Amino acid sequence: MRDTTGGKQRVCVAGSRKGFTLLELLISFMLIGIVVAIMANALRLSFETVDRGEKKINSLERLRSSMSIINSQVQSHIPLTYDEQAEKKYYFKGEKGSLQFSSNYSIWGGEKGYVVVRYAVETDTGGKKFIAVTENVVGTETTRQTSLFNPLDDIYFEYFYKGPTDEKGGWVDAWKETASTPEKIRLHLVDNRRDLAIVIPMRVWASQDQPASAPNPANLWFDIKRGY
C-alpha cells in the first residue's frame, strides 16, 4: 500500500490532565474551615442576641408587673389604726429599707377584706437587692410571701413630709409621725448607676384626724372572728 503521508509518520499526543497539588488542597481546606468558623460564630452571636433579648424582655416585664403591684397596693391604702396604750396608731410604718401599711388590695386575688402589707429590702447571695413581700389578711392567720423585682444594685424608699408650718415639704428617709401618713412615697430602683425614682401618691382622705379604726393587732384575729 502506498504511503500517502510522504514517508512521514504523524504522532498524536493526548492533552495531559493535571491533578490538585497538596498545597492547593491545604488552601482549600483552610478556606472551608474559615467559612465554617464564620458561620458558626454568626450562629452563636445570633443565639446570644436572642437570649439577651428574651432576658431583657422578661426583666422589663417583671419590672412592670412589680411596679403595678406596688402602685395598686399603695394607692389602695386604707389608713387603719389600732389602739396601743390608749393611743391610736397607724399600721403605716416607713423606713428607708422597709414599708408597712394596710390596704384593701391583695396580691393574691379573691381575698376579701383588708391586708397588712410589708415590703422589706433584702440582699441576695450576690449582693444584689430585691423586695420581699409579706402579706397578712386581716381576720385570718394566713401569711403569704413573695418577692418583687429582679436583683438590683440598690432599692430604697423615701417619704414626703410637710410640717404644719412648712410652706414646702421635703423627702425623708423614715416616717416618724404616728398620727398621720405621707402624701406620697418615692421608690428608688438603682442599677448600673442609673436611679429610677418613682413617685406613688397615697390616697387622700377627708380627714386624717378621724382615721378608720381597727382593733389592737394583738386582738385583731380574735375580735373579727367573734364578729365584733
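The values are calculated or read from the model by the stated rules, or taken from the named source; none is laboratory data. Note that the structure is a prediction, hence the values are computed from the model and not measured. Glycine also receives a Cβ, built like all others from the backbone with ideal geometry; neighbour counts cover every protein chain displayed.
Candidates G139, G113, G163: the one that is more than 19 Å from the chain's Cα centre (by Cα), modelled with pLDDT under 90 and under 20 Å from P201 (Cα atoms) is G163.
Considering segment 89-111, the residues that are exposed (fewer than 14 other Cβ atoms within 10 Å of the Cβ) and of a type outside the set (A, V, I, L, M, F, W, C) include one that is farthest from R186 (Cα to Cα), namely G110.
In the list A132, A174, A197, A218, which residue meets the criterion of being hydrophobic (A, V, I, L, M, F, W, C) and at pLDDT below 90? It would help to see each step written out before you state the result.
Values: A132 fails: at pLDDT below 90; A174 fails: at pLDDT below 90; A197 fails: at pLDDT below 90.
None of the other options fit; the residue is A218.
Scanning segment 123-182 for residues that are assigned to a loop (DSSP other than H, G, I, E, B), of a type outside the set (S, T, N, Q) and touching a residue at least 24 places away in the same chain (Cβ under 8 Å) returns D124, G126, K128, V138, G139, E141, D153, D173, A174, W175, A179, P182.
Out of E122, E54, E48, E84, one residue alone is at pLDDT below 85 and under 18 Å from the mean Cα position of the chain (by Cα). It is E54.
For segment 112-126, the set of residues classified as of a type in the set (S, T, Y), buried (at least 19 other Cβ atoms within 10 Å of the Cβ) and closer than 16 Å to H188 by Cβ consists of Y119 only. Take the conditions (1) out of contact with any helix residue (DSSP H, G or I) (no Cβ under 9 Å at 6 or more places or on another chain); (2) surrounded by 15 or more Cβ atoms within 10 Å (Cβ to Cβ); (3) more than 15 Å from M67 (Cβ to Cβ); M202 misses just one of them, which is (1). Cβ-Cβ distances below 6 Å connect the following pairs, each with a first residue in segment 63-86 that is free of Cβ contacts under 8 Å to residues at least 60 places away in the same chain, a second residue that is of a type outside the set (A, V, I, L, M, F, W, C) and assigned to a strand (DSSP E or B), and a separation of six or more residues or different chains: Q73/S103.
For segment 36-53, the criterion of being surrounded by 11 or more Cβ atoms within 10 Å (Cβ to Cβ), part of a helix (DSSP H, G or I) and without any contact (Cβ under 8 Å) to a residue 60 or more places away in the chain is met by none of the residues. Scanning segment 82-99 for residues that are small (G, A, S) and under 11 Å from T178 (Cα atoms) gives a single hit, G94. Segment 66-112 holds strands (runs of 3 or more DSSP E) entirely within its bounds, and those carrying 1 or more residues that are among the basic types (K, R) map to 87-90, 93-95.
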